[in-house]
Amino acid sequence: MKSSIILPGALFFMLLSCNSSVTSPTGEASELIRINQLGYYPQSVKEFVLVDTEAEGFKVIDHEGKTCFEGLLSRSGRWEASGEEVMLGDFSAYETPGSYRIYIEPGMVSHPFEIGEKVNLAPLNAAIKSFYFQRASMPIEERYGGIYARGAGHMDDRCTFHPSSGKEGGTLNSPGGWYDAGDYGKYTVNAAITVGQMLNLVELFPDVVKDAQLNIPESGNGVSDLLDEIRYELDWMATMQDADGGVYHKLTAKNFGGFIMPEAYHLERFIIGKGTAASLDFAAAMALASRVYKDIDPVFAGESLASAEKAWEWSLAHPQVVYRNPQDVNTGEYGDDQFSDDFFWAAAELYLTTGTVKYLDYLMDNQEPCIHQITNSWKYFIRNTGFHSLLAHKEKLDPALASSLTGKHLELADQILTGMESIPYHVGLDHFEWGSNSDVLNQAMILCYAHLISGDPKYLTGVIRNMDYILGKNATGYCFLTGSGSKHVMNPHHRPSGADGIEEPVPGFIVGGPNDARQDRREVKYASDRPAKAFEDVMASYASNEVCLNWNAPAVFVLGYLEQVF
Ligand code: G3I
Ligand code: 9MR
């Protein structure tokens, strides 16, 4: 006998206890059901997608196959980006912690998922720990890295100055820091974005990650493991500043090397380029770091601020030094020729850290870059990082500026929510570029700040929906976080994962995701011509399946934010 509560106007049955066995709870998950493979908070929105299937209802079943909840599917429309007819299932009303699957009909069940209070803690820890696995110049010891232990690579103690650095000869000692991505380069611009987004999180919630939470070498030193991990990058970044305040663009070889372990690498490494983007992004990240580490390490905080101010001064004197790869260099470019957003971010952080009026004057006189927009490239997301810091410190701003920033931010967030409603999967994106997963996560980050400043739960619903996409509710059916979820990416374009002889990739990485431009189409055969499916889980796919620091950073922010507010 079924005991059910029918809520007014709601098309579902909530069972008082799970009963009436329906099916074997095991068996292969259907490719047609797309769901967050990790899980949902008891109080959060809970949705999944069923594609290209005619069905009316669904059940939430427990590990014994008992029915815990029944609901009706709603027709969500055709998504051109994936070429699918989409039905949505909503079981938000079911709040009992446990482990479940969705059941549609005999033989058609979803991947398992959890409902639980701390459902994003494990992925948060993994996403941060991935930075540890990216550390250059030191071994990954078994007691911290388990089966992913490896030797030290890239000591970077004698890196040759490339002529583009402005130096005519000699070498630089520039050890440490994280590898940028699947390659072994170290790039200042992307380093700055990455530490910036993660420091944003610590600034909001200093205790979000505790000491000894991640089992890294610094665990137990009394400092948050997240700050210890970020510090490893900041210390490297500091070595990239020239005596005149300008900052070198990157430290790489001239070409990408093969798929070998870090310790097997022997290409000569160079200090390449020196420019306005690197200097300003460095200034911003260092000024922000100076605030966050003020009480933890005052000496470091002082040095960081001094180096930030020097980099700012250099940039004012050299406001348009564009970095382009020299002819003999083929590693990642991170090229940019518009610096108004970089100036904005640096001025914002320097003002918030120092309170000095010249930085505020700069912000007030340069409102033009204050265009709040959904960006789809790291190049422009920089300005949002500045907005986010300012929004977190509204009390330090002129009331008119504070209210204009707040208004524009909420307008942008509302625009994102409207976009999500119009897309059958309830995700914020329907065009897909290199690193599209980070676009989804960066939108989620914008929504987190909208929630922070307004308290309106609708923004949190948007955050959850975007995170669901990353963790499995997407047109590829993959959980895009390595090592998590039952169908996760197995072959990322990540040199250690490709070379270590271990079947499972190094865990905790967000891969780039669908990329309609398919710049690697010569090396990779794509099964679908649909933009939302332009993804292949093969090692060769650098355009859809690479990992990258600035794709993990917003994941860390969003997962950390969710763990704090739910
Ligand atoms: O902005 C244009 C857009 O207008 C156009 O419609 C579209 C069509 O292809 O292209 C867009 O630009 C693309 C841009 O990414 C979008 O963000 C470029 O074609 C594309 O080449 C560019 O890719 C960059 C890639 O390096 C290649 O340079 C990625 O943004 C960038 O994240 C990635 O970064 C690499 C580093 O260089 C090296 N380390 C790994 C890292 C991750 O792959
Ligand atoms: O492996 C490289 C990856 O780390 C870069 O992000 C990517 C983009 O510049 O390039 C990859 O290298 C490819 C190169 O660009 C083209 N030939 C194949 C290389 C991958 O094996």
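Can you give the angle from 0 to 90° between the axis of helix 549-565 and the longest principal axis of the chain, with both taken from C-alpha atoms, to the nearest 10? Relative to the chain, helix 549-565 is tipped by roughly 60 degrees.
Using a 1.4 angstrom probe on heavy atoms only, work out the carbon and sulfur share of the accessible area of the chain in %.
Values: 10660 of 20350 Å².
Here carbon and sulfur together make up 52 percent of the probe-accessible area.
Solvent exposure of L452, expressed as accessible area, is near 70 Å², computed with a probe of 1.4 Å over the protein chains only. Here the spin labels are modelled as points 7 Å beyond Cα on the Cα-Cβ line, and at E395 and D235 they lie 3.4 nm apart.
Under the convention that each Lys and Arg Cβ holds +1 and each Asp and Glu Cβ holds -1, the size of the dipole of the chain around its Cα centre is about 260 debye.
If I take R0 = 30 Å and measure r between the Cβ atoms of R324 and A243 in this structure, what FRET efficiency does the formula 1/(1 + (r/R0)^6) give, to the nearest 0.05?
Working: r = 24 Å, r/R0 = 0.80.
E(calc), rounded to 0.05, equals 0.80.
Computed with a 1.4 Å probe over protein heavy atoms only, the accessible surface of region 168-271 comes to 31 Å² per residue. When every Cα-Cα distance of the chain is counted in 20 angstrom steps from zero, the calculated P(r) takes the values 22, 54, 22, 2, 0 percent.
Residues with beta-carbon under 14 Å from that of Y526, excluding Y526: net charge, scoring Lys, Arg +1 and Asp, Glu -1?
Here the count lands on 0.
Spin-label model, Y265/N19: points 7 Å from Cα along the beta carbon direction are separated by 6.1 nm. Across region 495-502, rounded Karplus estimates of 3J(HN,Hα) from the backbone phi angles (6.51 cos²θ - 1.76 cosθ + 1.60, θ = phi - 60°) give 4, x, 4, x, 10, 7, x, 9 Hz, Gly and Pro being marked x. One chain, two ends: L72 and R522. Fully extended at 0.36 nm per residue, the span grows by 157.6 nm beyond their Cα-Cα distance.
Between the C-alpha center of region 448-473 and that of region 96-133 there is a gap of 17 Å.
When the listed pairs K254/K487; K46/K118; K379/K408; K129/K186; K250/K379; K46/K487 are checked against a 25 Å cut-off, the alpha-carbon distance exceeds it for K254/K487. With the simple model of a label 7 Å out from the Cα in the direction of the Cβ, E80 to M155 spans 5.8 nm. Per residue, region 13-115 exposes an accessible area of 40 Å² to a 1.4 Å probe, with every protein chain left in place.
From Cα pairs below 8 angstrom and at least 6 apart in sequence, can you work out the relative contact order of region 13-115, rounded to a whole percent? Intermediate results must be reported in sequence, preceding the final value.
On the way: 236 pairs, mean separation 36.6, N = 103.
Relative contact order for region 13-115 comes out at 36 percent.
In this structure, the amide hydrogen of V321, modeled 1.01 Å from its nitrogen in the peptide plane, lies closer than 5 angstrom to those of T276, counting only residues at least 5 positions away or on a different chain. As an exercise, identify the GluC sites (Glu not before Pro) in region 506-566 lying in DSSP coil whose Cβ has no more than 15 other Cβ atoms within 10 Å. Passing both the DSSP loop test and the Cβ count: E523.
Can you pick out the pairs among K473/K525; K274/K358; K167/K274; K59/K473 whose Cα atoms lie more than 20 Å from each other? Pairs exceeding the cut-off: K473/K525; K274/K358. Across region 408-424, rounded Karplus estimates of 3J(HN,Hα) from the backbone phi angles (6.51 cos²θ - 1.76 cosθ + 1.60, θ = phi - 60°) give 5, 5, 5, 4, 5, 4, 5, 4, 4, 5, 4, x, 5, 4, 7, 9, x Hz, Gly and Pro being marked x.
The values are calculated or read from the model by the stated rules, or taken from the named source; none is laboratory data. Nothing here was measured: the structure is a model prediction, and the numbers come from that model. Quick reminder, even Gly has a Cβ in these numbers, built from the backbone with ideal geometry, and neighbours come from all protein chains shown. Calculation scope for accessible area: heavy atoms of the full protein, side chains included, ligands and nucleic acids excluded. Shrake-Rupley method; radii C 1.70, N 1.55, O 1.52, S 1.80 Å.
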